[in-house]
Amino acid sequence: MLDLRLGESLLTTTIHGVKPMKLFFNNASPFVRKVRVFVRETALEKNIEEIATAVSPVTESPALSKANPLAKIPALILDDGSALFDSPVICEYLDTMHAGRKLFPASGPARWTALKLQATGDGILDAGVLCRYEMAVRPKEFQWAGWVAGQTKKWHGGLDLLEREVGTLDGEPTIGGITVACALGWLDFRYGDDHWRDARPRLTTWYEKFLARPSMQATMPSA
Ligand code: BEZ
């Protein structure tokens with residue numbers, strides 16, 4: 001007979017001897033994907049239990065709202081029951097939970113480069129997600145083309161910045177590269193017809209290489 005206690009002990013044993021953390025996630029969110037890629041890049045998979053969560057700007061999941069009153073994913077419940085959100089905070093916390101190379105450089109220019117890349121990727125996503133909500137969630141009669149055009153200009157500006165400063169993405173992955181890659185992956189997923197690669201050849205080359213990483217392949221977005 002299957003020994004259920006074995007399953008339980010496997011689930012609850014971690015390198016730190018603590019219970020797994022719980023990550024509210026879904027496969028479409030690029031902000032969640034950041035965390036899922038980060039978990040894989042830092043070999044923390046066994047420490048995280050993923051809880052599939054449906055979210056939209058107008059409906060909420062009671063369990064998620066209890067953990068994060070902002071009702072947004074990703075949210076991470078720690079083994080003491082407290083919760084962390086959003087993706088920059090969760091990733092920086094996870095970086096303290098492994099003994100390998102840190103993905104948030106501790107100080108100096110490398111830190112500011114990584115954080116600026118993270119802000120650029122998150123900013124592209126913030127603008128892109130606002131456009132997506134405007135077109136896919138807001139009733140047609142309330143949609144505002146000027147709003148979509150303004151937000152689209154912001155994400156295009158972020159992409160152009162990355163093309164100009166693509167050298168800052170070189171080297172071993174950091175939170176910066178992970179965020180940028182998840183932003184580009186989400187644009188492919190939701191805005192394939194925007195053709196972001198056109199006129200951004202250096203960013204395209206960088207992304208295609210990053211996309212081959214197992215952490216990215218294991219977390220491809222889906223609806
Ligand atoms: C999406 O469905 O594209 C999405 C879901 C959650 C957060 C952001 C985007």
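The values are calculated or read from the model by the stated rules, or taken from the named source; none is laboratory data. This structure is a prediction, so every number in the text was calculated from the model and none was measured. Cβ atoms come from the backbone with ideal geometry, glycine included; neighbour counts cover every protein chain shown. All accessible areas refer to the heavy atoms of the entire protein, side chains included, with ligands and DNA or RNA removed. Shrake-Rupley method; radii C 1.70, N 1.55, O 1.52, S 1.80 Å.
Could you tell me whether the range 197-209 includes any residue that is within 14 Å of the ligand (Cβ to nearest atom), assigned to a helix (DSSP H, G or I) and either crowded, with 18+ Cβ neighbours inside 10 Å or outside the structural domain of ALA127 (by TED's automatic domain parsing) (or both)? Within the range 197-209, not a single residue is within 14 Å of the ligand (Cβ to nearest atom), assigned to a helix (DSSP H, G or I) and either crowded, with 18+ Cβ neighbours inside 10 Å or outside the structural domain of ALA127 (by TED's automatic domain parsing) (or both). Pairing each residue of the range 90-118 that is over 11 Å from THR168 (Cα atoms) with any residue that is open to solvent by less than 30 Å² (accessible area, probe 1.4 Å) and among the acidic types (Asp, Glu), provided the two are 6+ apart or on different chains, yields C-beta distances under 9 Å for LYS102/ASP95; LEU103/ASP95; PHE104/ASP95. The number of residues in the range 174-195 that are surrounded by fewer than 24 Cβ atoms within 10 Å (Cβ to Cβ), at negative phi and of a type outside the set (Ser, Thr, Tyr) comes to 9.
Would it be correct to say that ALA54 is part of a loop (DSSP other than H, G, I, E, B) and either of a type in the set (A, V, I, L, M) or at pLDDT below 95 (or both)?
So ALA54 fits the description; yes.
Of everything in the range 29-51 that is part of a strand (DSSP E or B) and away from the ligand (no atom under 16 Å from the Cβ), the residue that is least open to solvent (accessible area, probe 1.4 Å) is ILE48.
For the range 102-128, filtered to residues that are part of a helix (DSSP H, G or I) and of a type in the set (D, E, K, R), the residue that is nearest to CYS182 (Cα to Cα) is ASP122. Restricting attention to the range 66-81, the residues that are assigned to a loop (DSSP other than H, G, I, E, B) and either among the charged types (D, E, K, R) or open to solvent by 50 Å² or more (accessible area, probe 1.4 Å) (or both) add up to 6. Only one of the numbered conditions (1) in contact (Cβ under 8 Å) with a residue 12 or more places away in the chain; (2) over 19 Å from TRP112 (Cβ atoms) is not met by PRO173, and that is (2).
Only one residue in ALA63, ALA99 is assigned to a helix (DSSP H, G or I) and exposed (fewer than 15 other Cβ atoms within 10 Å of the Cβ). Which one?
ALA63 is the lone residue from the list that is assigned to a helix (DSSP H, G or I) and exposed (fewer than 15 other Cβ atoms within 10 Å of the Cβ).
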